Amino acid sequence: MRPIMPWLCHMLRAAPIRRDARHRCRRPPRAPAARPVRESDRPALYAARTTSRHEQWARLRHLLWLPPRPHGEQPRERVVGPLELFYDLVVVVLVAQAAHHLAGELDRHGLGLFAAVFALVWIAWLNGSLHHELHGHEDARGRSVFLLQILVLVPLGAFIPEAGDARGAAFAVDAGVLFAVLALLWLPASRGDTPEFRRPSVLFVTGTALCSVVLAAGAALPADARVPTWGVLAVVYLLGFVFVLGRAIPERVVGFSVTDALAERFGLLIIIVLGENVTGVVDGLSHEPTGALTLAVGLAAVVVGSGGWWTYFDFAGHRLPRPTRASALQWMMIHLPLTAAVAAMGAAMVGLVEHAHDGRTPAATAWGLCGGTAVVLCATMVLAASLRVWNEDIGLYRPPARPCVAMAVVWVALGALRPAPLLLGLVVALGVPWGLAVAHRMAHEGEQAV
């Protein structure tokens with residue numbers, strides 16, 4: 001009798017088939033049956049399973065919620081992420097609110113309010129940016145830190161238009177909460193500091209916390225006393241910041257340096273604020289009948305803003321300061337008046353377009369535009385003096401510095417004369433030093449290429 005077909009064996013026996021040399025079907029040996037779990041073994045198995053889960057969650061928390069990076073471990077090569085760009089855009093919304101209010105109240109009181117509010121916003125931005133640069137990671141903790149600041153910044157922006165009047169108390173309280181959040185952000189990083197960083201960290205966190213208390217307590221002050229208090233507080237805080245970074249940290253310790261990523265952050269803030277110049281022109285054109293004269297004044301104002309962009313990025317933007325603390329502090333601090341002047345220029349452009357048909361430019365608009373451009377030029381040259389290339393490439397930087405400073409003086413005199421908005425002399429005067437600077441740079445680079 002012939003042997004049974006292998007496939008029939010498989011169907012009848014429901015087991016894998018192995019064939020030997022005689023074509024006989026054999027069932028593979030069965031594995032020994034598992035020993036049933038005893039009641040005494042269950043606690044040990046549960047503990048092992050629970051321990052494994054705890055280890056998995058601990059690893060996950062470690063990946064998503066890294067501890068702050070210690071002082072002295074600042075990454076030298078880092079790419080600016082989209083979260084930082086989003087944070088910068090939110091900050092610029094507050095700057096735009098302050099600039100728009102300045103455009104409607106371009107007088108001594110409005111300028112003082114703008115300076116105080118802008119300084120507080122810029123200090124908060126500097127704190128958040130430096131914290132991420134020194135201690136932050138691209139994880140859930142870093143995102144939560146930025147989100148927490150944004151949640152406090154949004155209502156602060158809503159209070160800015162009336163910060164000098166009806167909503168001054170609300171602005172003071174919210175600003176106090178913002179600086180309290182910043183102090184709490186710096187606190188975890190300071191706990192694990194080594195001895196050389198412990199004293200500077202304690203001073204910095206304490207100063208930020210005191211600033212929070214003073215801001216919140218300022219809500220009880222009269223309206224006319226709040227703005228000067230904010231201005232004095234901003235100046236004192238910046239002086240303390242310079243002392244902590246410049247004097248409190250021992251000279252032998254490298255606790256902070258300006259990296260390419262940080263230089264890019266400062267440059268991006270300048271770019272976004274420069275966009276407010278275009279916003280000011282568009283705002284002015286949208287409220288006036290479209291005519292040749294009005295349009296010409298608006299386009300001339302855009303040229304003024306473009307000149308500021310040329311000057312900054314041709315001579316200072318995306319360049320690192322000298323590797324000394326004094327140069328790094330000079331590089332950072334000079335960005336405050338530079339950025340504020342760019343925002344003030346955008347505010348003045350609204351009035352320039354609205355009064356395009358006047359025989360003389362309004363005094364406030366003339367001073368705002370001419371004074372802002374003068375500060376931009378002078379601040380850019382002071383910023384360039386802190387760069388590494390200032391001494392390495394004397395032929396490029398020194399010659400344009402003198403005409404830029406001289407033209408800044410001319411602009412101040414031009415603001416006092418208050419010419420007509422479309423006066424070609426204004427456009428030429430604003431364009432000449434920037435054009436000379438760019439032409440000199442192009443010629444210098446051409447000589448080096450040859």
- Cβ-Cβ under 6 Å pairs, at least 6 apart or on other chains, the range 149-160 side within 17 Å of Leu182 (Cβ to Cβ) and of a type in the set (Val, Ile, Thr), far side outside any helix (DSSP H, G or I) and open to solvent by 10 Å² or more (accessible area, probe 1.4 Å): none
- Task: Take Leu111 and decide whether it is surrounded by 19 or more Cβ atoms within 10 Å (Cβ to Cβ) and on the phi < 0 side of the Ramachandran plot.
- Result: no
- Query: at pLDDT 85 or above, under 30 Å from Val242 (Cβ atoms) and over 21 Å from the mean Cα position of the chain (by Cα) - does that describe any residue in the range 353-367?
  - Reply: yes
- Among the candidates Gly359, Gly372, residue that is outside any helix (DSSP H, G or I) and on the phi < 0 side of the Ramachandran plot: Gly359
- Message: Residues that are under 21 Å from the mean Cα position of the chain (by Cα), open to solvent by 20 Å² or more (accessible area, probe 1.4 Å) and not aliphatic (A, V, I, L, M): does the range 320-334 have at least one?
- Response: yes
- Message: Restricting to the range 152-173, and then to whatever is open to solvent by less than 20 Å² (accessible area, probe 1.4 Å) and part of a helix (DSSP H, G or I), can you tell me which residue is modelled with the lowest pLDDT?
- Response: Gly168
- Item | Any hit, the range 84-95, residues being modelled with pLDDT under 65, more than 17 Å from Ala263 (Cα to Cα) and open to solvent by 80 Å² or more (accessible area, probe 1.4 Å) | no
- Could you pull out the residue among Arg78, Arg141, Arg108 that is at pLDDT below 85, under 30 Å from His355 (Cβ atoms) and out of contact with any strand residue (DSSP E or B) (no Cβ under 8 Å at 6 or more places or on another chain)? Arg108
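Which ones in the range 337-349 are open to solvent by 10 Å² or more (accessible area, probe 1.4 Å) and closer than 12 Å to Leu106 by Cβ?
Ala344
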- Residues of the range 135-149 being open to solvent by 50 Å² or more (accessible area, probe 1.4 Å) and among the charged types (D, E, K, R), which ones? Glu138, Arg141, Arg143
- Query: Among (1) more than 18 Å from the chain's Cα centre (by Cα); (2) of a type in the set (Phe, Trp, Tyr); (3) open to solvent by 10 Å² or more (accessible area, probe 1.4 Å), where does Phe313 come up short?
  - Reply: (1)
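The values are calculated or read from the model by the stated rules, or taken from the named source; none is laboratory data. All figures in this text were calculated on a predicted structure; none of them were measured in a lab. Positions of Cβ are backbone-derived with ideal geometry, glycine not excepted, and every protein chain shown enters the neighbour counts. Surface accessibility is based on the protein's heavy atoms, side chains included, excluding ligands, DNA and RNA. Shrake-Rupley method; radii C 1.70, N 1.55, O 1.52, S 1.80 Å.
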